[in-house]
Every structure is written in C-alpha cells, then in structure tokens.
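Participant: Sending over a structure as structure tokens; questions will come in a sec.
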Amino acid sequence: MLNRGIFVSLEIRKIPSFFMPDIIQLLPDSIANQIAAGEVVQRPASAVKELMENAIDANANSIRLIVKDAGKSLIQVIDNGSGMSETDARMSLERHATSKIRKAEDLFTIRTMGFRGEALASIAAVAQLEMKTRKADQELGTLLVVEGSDVKKQEPVACEKGTNICVKNLFYNIPARRNFLKSNPVELRHIIDEFHRLALANTEISFSFTQGDEVVYDLPAAKSTSFTGALGQRIVNLFGKTYQEQLAPCQEETDYVKVSGVVGKPEFARKTRGEQFLFVNKRFIRSNYLNHAVMTAFEGLLPENSFPFYVLFIEIDPKHIDVNVHPTKTEIKFDDERAVYAVVRAAVRQALGAHNLAPSIDFHEDINLITKLGNTSTESAKQVYFEERFQSSLNKSNQQNWEKLFETELGTKFSQPVSQQSIKIESDLSGSNPNPETEEKIIAQLHNRYILRQIKNGLMIVDQQSAHERVLFEKFAEDLKYRSAATQQSLFPKTITFPAADFALIMEMEQEIKGLGFRFEVFGKNTLLINGVPANLKHVTEKDLFEGLIDQFKHNQSELSLPLQENLTRALAKRASIKNGQKLEREEMQELLNSLFLCKTPNYSPEGKPTFYIFEVGKLESYFNRL
Ligand code: ADP
Ligand code: MG
C-alpha cells in the first residue's frame, strides 16, 4: 500500500510549479522502513519470531536463539538452513523482498511462515544488524553490517553453512519505542511464548535458547516417528515430565480439514489460561471461536474456572484460508469456519472419550442403530451415534452419566460369560446383604487396594486411595468455598509444638485451615491446642492429620506452584484419604464409589492419577478367543 503512494507522488513531482510549491515528498527508505517496523516489530519477541520463522522457512534442522537483556541488547538466531548468496543477503534487507511468493496467486498456496518480505527490512531499520550467511555450495559466506537501514559493510567471510543474524540494541534510534519496552522479565516472557509456539510446531527441528549465560532450553529433535509421539516428547522437554501422563492424543479428519495434536486430561486443567496452543498449517493462531470449540468438548469434565492444556494442529489447504489479515499473523480467516469448529470439537471429544475421560461410549451396544442408519458408512454412522450419545450424556447431570455406565446388562451379545461368573461371586459375597439391588455390583476388594465392580460394559477396577483423594478433595474445596465444613470436637484436645517456621506458616493460613474444619488455639510458644478436626474422617488421628497437612502443604509448595487454597485442599485430601493396604467393608466401598461418581471430575485423583480402569468385556472376549 505504501508502494502505491510512492507511484502517485512520483507523478505529482514531475509537474513544475513555480507558484504553489509542492509539498509531497517520497519518504526515504529508512523512514518508510521504520514506519513499517512499527507494525512488524513491536518488541524483542516479535524480532525473535521473525528471525526464527525465517530459519524454519530456510529448512534448518537446528536453530539456536541467544538473547541478552531480554532481547533489548542482543537477539541472535543461528540456523543451519539454506543460507543466502551474496546478492540475496543484500536483497533480503529490502522491503517487499521475498523468495517465498512471486505472484498474487501464490498468496493462496502459502506453506511458508513468511511471505511479506518485510521482516528483515523492518528489523534492520530499527536496530544494528549483523548477518553472516553461507549456502552449502559456496566456500565463503557473506558478512553484512547494517545500522538503521544503512549498509555499513558487506564482505566475504568464512562461516558455517546457514545464517547467523545478530540484532543489537533494538530501537536504538527510536528512543520513544525503546522507552516503551517493558521490564526484562515481561519482555523475556514474550520471547519464551514465541519460542514455545515455534518449538511445538516444529518437533523435527532441534532448538536451543540461551538468555545471558543461562541455557533456558535445549531441545533435541524429537525421536518418535509418530506425530503425537514426537509432539509429546517436545512437550515434555519444554514443560516438564509431569506433562507425560496428562496428554491424550487427538485426531479427526474430513476432506476439508484435519485436526491432530494432544489435549491435557481434565484433571490437569489450570486456573489460568495460557497453555492453549492452536496452529493452522503450523502457524500459531489465536481464535476465541475455535477455543470455544475445545471448551465445549470439555464441557462437564472441567472443574469450574479452569482451562485445559491443549496443542492442536489444524491442517487445511491454504486456498481455504486467508493469513493475510494482520502483519503479526496470529489471526486467520477460514472460508468455512463452522466446519473447522465442528472438526476441532469432534477431535477433542474423541480424545477425551477414547481415554475414558468422558463417559465411555460403547458402539457395540446398539448394533441396530448402526445398521438402521443404512447406507451411510459404518464410520460415519458411528460418528453420528457418538455425537448423539455424547450430546445427550453431556446434557444430563454427571451422576446420570455415570449411572448409565453402571446399568447391568445381562442380555447383550457378549456379556454372558462374565456376568454369569460375577453373579455367582456376588451371591457368594452378598449373603446377608440387606439391599442386593444396589450392592450386588461390587464384586470384591483386591489386595486391599482395588475395588472391583461390575459395570455395563465390563469390569471397573477402582484404586481406592486415588478415588478417596478425589472425593475428599472436592468435598474440602466445597467446604472452603461455602464455609460448610463440619467439625468433630475432640474429647481430649491435644497440643502440638511446631518448628518456628511451620508455626508462622500455620498462623498465616489460620483462616483457611479453620475453613477446612479444624479448630485450634495458640497455646504457648509455637504450640497449638487442637480441639477439633474435620468431621467424618476415619482412619487418622488428629495429630497425624494436622502435622501431615502442614508437611504435605510444604511439599506441594516446593514441587508445584498451586494457589494456597488448592494446595491446602489437596494436602488434606492426601493425608486424610484411605490408604492402599487398608481393608474396607462392603458398605465403605459402596459409599466410596457412590461419592466418587458424584464428583465433578471422578476420573483422576487431584494429582492426576487415574482413579479407575475399565476392563471391557470385548477385551476379555478376545482374550478367550470368543470374538
Ligand atoms: P519473508 O520471510 O516474508 O520472505 P523476510 O524479510 O523475513 O521476509 O526475509 C526476506 C528473505 O530473506 C526471505 O524471503 C528469504 O529468502 C531470506 N532469508 C531471510 N532469513 C533467512 C535465513 N535465515 N536463511 C535463509 N534465507 C533467509
Ligand atoms: Mg520472514
């Protein structure tokens, strides 16, 4: 658009005017570039993004990022990609100079990250730039030194294959912009965000990131050959091992669009947004609309006000999108946005369903429905069925969902052997059972650890400790929220003396601890008199409970960064829970399971361990060669 302005003003300048002096002048390149830079380079992180994207476009498989002073004094990107010839190196700094598109139609087939040809010109206009670059087939590379768009030096140089660009003193010539930069931690956060996005979208490339003398990330190229495997490795390298168990792979494809990636299991959802990554053809985008698609798929599975982790890649023929919406390119237009929405939602639902995170859906259960759908393919029939089942189950309360799972089905095609067997065991166990209707479904406690229960499509194995932690966690969270905790008064109050630091910590959290149902008062130096504990907690003494709570809280504090209330709630749930190895009465098991499936998020313990596993009848069938 600036170009057009330039042509017009050239025409005007040709007209001689003696009486009315002409006032319109062409801006020098350096100023034009500075203006363009205002759009492209807002802060160090934008330069990081542009330089790294260029390295990716140059097919590098190793990219190193070095920043000093949160990028304010230095941003360096070193790649081993294609490199540039002498002339190209010079050209790359011109505005609207790009090797990535040649004609207007190319805009509709873009596969590269860049295409505007503005980034290097913009960066060079507002910084001191030094570039060394060499193509594989050249012996010598080129060194270019540029300052505020002025080329100070270009000469041959011996260097590695690829490109090495240093951007120094960003905005050195625009003090107003420089003064507007935020503190180093804030600018660094932005750089890290850009780094995360590019590293997630390019698992086959090894990346490193050094800030000052500190190596922030050193990410090897992912080894796994499967897409989600590689993505998983990258996520773990970026965000830590704890992510390993929380990922559910995700994939859904139609003729129009393909969605793949991973979603975090609901239990790991965070209280803050920010770990949601959406890419279109490997380009990070923001889209409230598509985020909504993901959130609806999670509906009913997430604790209130929490946000799931996800990394989703949308692949679509570039002719269906317009990336040319904004220079920083995090917005995108699809020609059929609703189709993308539907596929994203289906992909996430499928991932949650397949991992038993959502109420399990059994396709075999109603064979008639699938054949009834007649000439549609089985796959799409399943899809329709899936959608319907899911929809209807999501609309009901959580409890109903789970009840559905427990309906005993004796007459179906494949449940015969197991149900006969379990009926026998049940009748053995439930001899004096006052209420066989509701209790006959529990089969046994296994090794004093697991509760076995017959359910509609197989055998459910519940981990008693994880399950109880979940139940208590949700109960305590409610108690705190609604101040509804009941207290069991002690007949004989106990005193406990704490180390000074712990005592101070307890005093700081006094309100919250009392909110959980504890009653205590200060009783001398660093000493408390405990005269009440949360009601209905069996299996633990008051002293163990209180001390355990503080220990666990401190442990959580050093391992995880949780908000105070969540930490306390989790700590108490852990300490007060039924432990593995504990023998349970039938009623206790029954009560535990009932409470578990009244939970908002029954599938996982507060730490994210699964609470149960379902052994499907189909699996047993195949084991016994009955399929
Ligand atoms: P764009 O990426 O939109 O084409 P840029 O200003 O970012 O615009 O880069 C201009 C051109 O310089 C690119 O089209 C590419 O040909 C070349 N280039 C930039 N960085 C690199 C690099 N790291 N390796 C090889 N070529 C590069
Ligand atoms: Mg570029």
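Participant: What's the number of the only condition in (1) of a type in the set (Val, Ile, Thr); (2) away from ligand 2 (no atom under 15 Å from the Cβ); (3) assigned to a loop (DSSP other than H, G, I, E, B) that Thr112 fails to meet?
Facilitator: Here Thr112 clears every test but (2).
Participant: From the set of residues in the range 6-37 that are modelled with pLDDT under 65 and either in contact with a Pro (Cβ under 8 Å, 6 or more places away or on another chain) or among the charged types (D, E, K, R) (or both), which is most open to solvent (accessible area, probe 1.4 Å)?
Facilitator: Lys14
Participant: Search the range 574-596 for residues being of a type in the set (A, V, I, L, M, F, W, C) and part of a helix (DSSP H, G or I), and hand back the single one that is surrounded by the fewest Cβ atoms within 10 Å (Cβ to Cβ).
Facilitator: Filtering the range 574-596 down to residues of a type in the set (A, V, I, L, M, F, W, C) leaves 576, 578, 584, 589, 592-593, 596.
In the following step, the residues that additionally are part of a helix (DSSP H, G or I) were identified as 576, 589, 592-593, 596.
Numbers: Ala576: 25, Met589: 22, Leu592: 20, Leu593: 23, Leu596: 22.
It comes out as Leu592.
Participant: I'd like to know if the range 67-89 contains one or more residues that are within 8 Å of ligand 1 (Cβ to nearest atom), surrounded by fewer than 18 Cβ atoms within 10 Å (Cβ to Cβ) and part of a helix (DSSP H, G or I).
Facilitator: yes
Participant: From the list Leu312, Leu302, Leu290, which one is surrounded by 15 or more Cβ atoms within 10 Å (Cβ to Cβ), touching a helix residue (DSSP H, G or I) at 6+ places or on another chain (Cβ under 8 Å) and under 18 Å from Ser605 (Cα atoms)?
Facilitator: Numbers: Leu312 fails: under 18 Å from Ser605 (Cα atoms); Leu290 fails: under 18 Å from Ser605 (Cα atoms).
Answer to the selection: Leu302.
Participant: Please determine, by comparing only the residues of the range 552-573 that are surrounded by 22 or more Cβ atoms within 10 Å (Cβ to Cβ) and in contact (Cβ under 8 Å) with a residue 40 or more places away in the chain, which one is farthest from the chain's Cα centre (by Cα).
Facilitator: Keep residues of the range 552-573 that are surrounded by 22 or more Cβ atoms within 10 Å (Cβ to Cβ), which gives 553, 568-573.
Still in the list and also in contact (Cβ under 8 Å) with a residue 40 or more places away in the chain: 553, 568-570, 572-573.
Details: Phe553: 26, Leu568: 25, Thr569: 24, Arg570: 22, Leu572: 27, Ala573: 26 Å.
Only one residue fits best here, namely Leu572.
Participant: For the range 42-61, name all the residues that are hydrophobic (A, V, I, L, M, F, W, C), away from ligand 2 (no atom under 12 Å from the Cβ) and either in a loop (DSSP other than H, G, I, E, B) or open to solvent by 70 Å² or more (accessible area, probe 1.4 Å) (or both).
Facilitator: Ala60
Participant: Further question on the same structure: What strands (runs of 3 or more DSSP E) lie completely within the range 150-246 and have 2 or more residues being open to solvent by 60 Å² or more (accessible area, probe 1.4 Å)?
Facilitator: Details: elements: 150-157, 162-168, 206-211, 214-219.
Passing ranges, in order: 150-157, 214-219.
Participant: When residues of the range 247-287 are filtered for being open to solvent by less than 50 Å² (accessible area, probe 1.4 Å) and touching a strand residue (DSSP E or B) at 6+ places or on another chain (Cβ under 9 Å), how many remain?
Facilitator: Matching residues across the range 247-287 total 27.
Participant: Those residues that are in a loop (DSSP other than H, G, I, E, B) and either within 16 Å of ligand 2 (Cβ to nearest atom) or at pLDDT below 95 (or both), I need them from the range 115-138; list them, please.
Facilitator: Phe115, Arg116, Gly117, Glu118, Val126, Ala127
Participant: Can you work out which of the residues in the range 21-37 that are more than 16 Å from ligand 2 (Cβ to nearest atom) and in contact (Cβ under 8 Å) with a residue 60 or more places away in the chain is nearest to Leu198 (Cα to Cα)? Steps first, please.
Facilitator: We begin by selecting, within the range 21-37, every residue more than 16 Å from ligand 2 (Cβ to nearest atom); these are 21-32, 34-35.
Now drop any that are not in contact (Cβ under 8 Å) with a residue 60 or more places away in the chain, which leaves 29-30, 32, 34.
Details: Asp29: 31, Ser30: 30, Ala32: 29, Gln34: 26 Å.
Here the answer is Gln34.
Participant: Which residues, taken from the range 115-142, are open to solvent by less than 20 Å² (accessible area, probe 1.4 Å) and over 19 Å from Cys166 (Cα atoms)?
Facilitator: Within the range 115-142, just Phe115 meets the criteria.
The values are calculated or read from the model by the stated rules, or taken from the named source; none is laboratory data. Since this is a predicted model, take the numbers as computed values, not measurements. Neighbour counts run over all protein chains shown; Cβ positions are idealised from the backbone, glycine included. Heavy atoms of the whole protein, side chains included, go into the accessibility calculation; ligands, DNA and RNA do not. Shrake-Rupley method; radii C 1.70, N 1.55, O 1.52, S 1.80 Å.
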